[in-house]
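Novice: Could you have a look at this structure, given as structure tokens, before my questions?
The values are calculated or read from the model by the stated rules, or taken from the named source; none is laboratory data. Since the structure is predicted, the reported quantities are computational estimates derived from the model, not experimental observations. So basically every Cβ, Gly included, is an ideal-geometry build from the backbone, and we count neighbours across all protein chains shown. Side chains are part of the model used for accessible areas, which takes the heavy atoms of the whole protein and leaves out ligands, DNA and RNA. Shrake-Rupley method; radii C 1.70, N 1.55, O 1.52, S 1.80 Å.
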Amino acid sequence: MSIFNDNLKRLKDLQKIENISDEEIQILLEPKQVNYTELDINNKKYPAWRIIYNQALGPGKGGIRFHPEVNEDEIRSLSLWMMLKNSLADIPYGGAKGGVKFNPKKADLSELEEVSRKYIGAFYKYLGQDKDIPAPDVYTNSQIMSWMLDEFEKRVGQCEPGMITGKPIELGGIKLRSDATAQGGYLVTKEMVSKFLENKKDLTVAIQGFGNAGHFIAQKLFEDGFKITAVSDSKGGIYKKEGFDILKLIEFKQNGNSVNDYSFGQKVNNAEFLELPVDILILAALENQITENNANKIQASYILELANGPINYKADKILDSKQKIIIPDILINSGGVIASYFEWAQNRTGQILDEDYLRNLLDKKMKTNWQRVYNKYEERGGEITLRQAAYAIAINKILTAEKLRGHIKK
Ligand code: GLU
């Protein structure tokens, strides 16, 4: 099954909804540049990609993931989503994504460094602050960004901190970047609760994925009075009707444990986890978690895509027919790339901006973007989904840019 082809169906639906011509939509159906290589490390070969989907709005932008299941179909999809996310967020970027098929959890630090440096060795000609700007994604972090920056600067013979984001503070990163995805997700959740649930209190929440975004949003919601009744990571999940003390759970996880081994609550496997009786289900793990096989069994009324692509096309239709509200990935997880944009802009101008100022700017941008999506959804009297509203705004902007550039004639 191709995740990429599955997602193209969403673009085709949009073509009808927004009366987009065949010539126009054609430009969005294929990535502009697919770079592939194999990284040779300790006599093993690791497939690696960097894909630029579109550059009508600016240079490529998007993370690099290290994961044993990475494949080209996935990176194509992720680069397409980055294009839409950047356009919707109103930041001056096209879309891109990279990945290495490799398990960093089984690697030691020197192997991790070698993979990071060889990745840049293979692709540095296509990267740069005005070409394509990587960042962290699943199982990559600020240390990996540091090695990548260092390797890039060695190869090109000059300093260029804006070629990559998600760096440590000492190398030109910004403090905000580490919890920005969760902060953006938290703000959109609050907006959603105010619009759809009249600010109801004590809502129950399940969070699939307890990595960077998942644990930060759990903490923010917990501190705000939401009841986090279920949490999971790659080893499995736990459920407790009365809710968990998330601060203790974070400490437990940070000591190197899996939440599945936590001594409180009932253990649940991934399939059971998704079907738990909660008000809000936050998907903060990987793609394709809700499909036509389990969509009918989802009990949560509100599903939030903090990960990229966790719900497939057929599941979208099923969930919509059951009046479930889905807050799409390209809106709710855009806080990370918006903070990346602040970091990049700061690196380029040499200006150092105040942390509180940037936090306010992120909050304002997330609220504006939510409002634009919600207005579009409401304009159509609920005939389209929030995802379709978000896609429409993103696609119309890219197509306008393509027309202005003379790439679309009519
Ligand atoms: N990997 C993150 C995402 O999927 C951030 C990308 C970036 O900051 O460029 O949105």
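Novice: Any chance you could count how many residues in region 18-50 are under 23 Å from ILE393 (Cα atoms) and surrounded by 15 or more Cβ atoms within 10 Å (Cβ to Cβ)?
Specialist: Selection size over region 18-50: 8.
Novice: May I ask you to list pairs of residues, at least six apart or on different chains, whose Cβ atoms are under 7 Å apart, with the first in region 324-351 being more than 21 Å from ARG372 (Cα to Cα) and among the polar types (S, T, N, Q) and the second being open to solvent by 30 Å² or more (accessible area, probe 1.4 Å) and within 9 Å of the ligand (Cβ to nearest atom)?
Specialist: SER340/ARG177
Novice: Mind checking which residues of region 259-289 are in contact with a strand residue (DSSP E or B) (Cβ under 7 Å, 6 or more places away or on another chain) and over 30 Å from ASP6 (Cβ atoms)?
Specialist: Matches in region 259-289: TYR262, GLY265, GLN266, LYS267.
Every residue, every condition in (1) open to solvent by less than 70 Å² (accessible area, probe 1.4 Å); (2) free of Cβ contacts under 8 Å to residues at least 12 places away in the same chain; (3) not β-branched (Val, Ile, Thr), yes or no:
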| site | (1), (2), (3) |
| --- | --- |
| GLY265 | yes, no, yes |
| ILE282 | yes, no, no |
| GLN289 | yes, no, yes |
| ASN296 | no, no, yes |
| SER301 | yes, no, yes |
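Novice: Among ASN308, ASN360, ASN288, which is the only one that is part of a helix (DSSP H, G or I) and of a type in the set (S, T, N, Q)?
Specialist: Every option except ASN360 fails the conditions.
Novice: Take the residues in region 111-149 that are among the small types (Gly, Ala, Ser) and either in a helix (DSSP H, G or I) or surrounded by fewer than 18 Cβ atoms within 10 Å (Cβ to Cβ) (or both); name whichever of them is farthest from the ligand (Cβ to nearest atom).
Specialist: Among residues in region 111-149 that are among the small types (Gly, Ala, Ser) and either in a helix (DSSP H, G or I) or surrounded by fewer than 18 Cβ atoms within 10 Å (Cβ to Cβ) (or both), the one farthest from the ligand (Cβ to nearest atom) is GLY121.
Novice: Right, next: Looking at region 322-337, which of its residues are more than 9 Å from the ligand (Cβ to nearest atom) and closer than 13 Å to ALA284 by Cβ?
Specialist: ILE327, ILE332
Novice: If THR165 satisfies all but one of (1) touching a residue at least 24 places away in the same chain (Cβ under 8 Å); (2) part of a helix (DSSP H, G or I); (3) of a type outside the set (D, E, K, R), what's the number of the condition it fails?
Specialist: Looking at each condition in turn, THR165 falls short on (2).
Novice: Could you count how many residues in region 54-94 are part of a loop (DSSP other than H, G, I, E, B), surrounded by 22 or more Cβ atoms within 10 Å (Cβ to Cβ) and among the polar types (S, T, N, Q)?
Specialist: Residues that pass the stated criteria total 0.
Novice: When the residues of region 150-179 are filtered to those that are under 19 Å from LYS97 (Cα atoms) and among the hydrophobic types (A, V, I, L, M, F, W, C), which remaining residue is nearest to the ligand (Cβ to nearest atom)?
Specialist: So, considering only residues that are under 19 Å from LYS97 (Cα atoms) and among the hydrophobic types (A, V, I, L, M, F, W, C), the one nearest to the ligand (Cβ to nearest atom) is ILE164.
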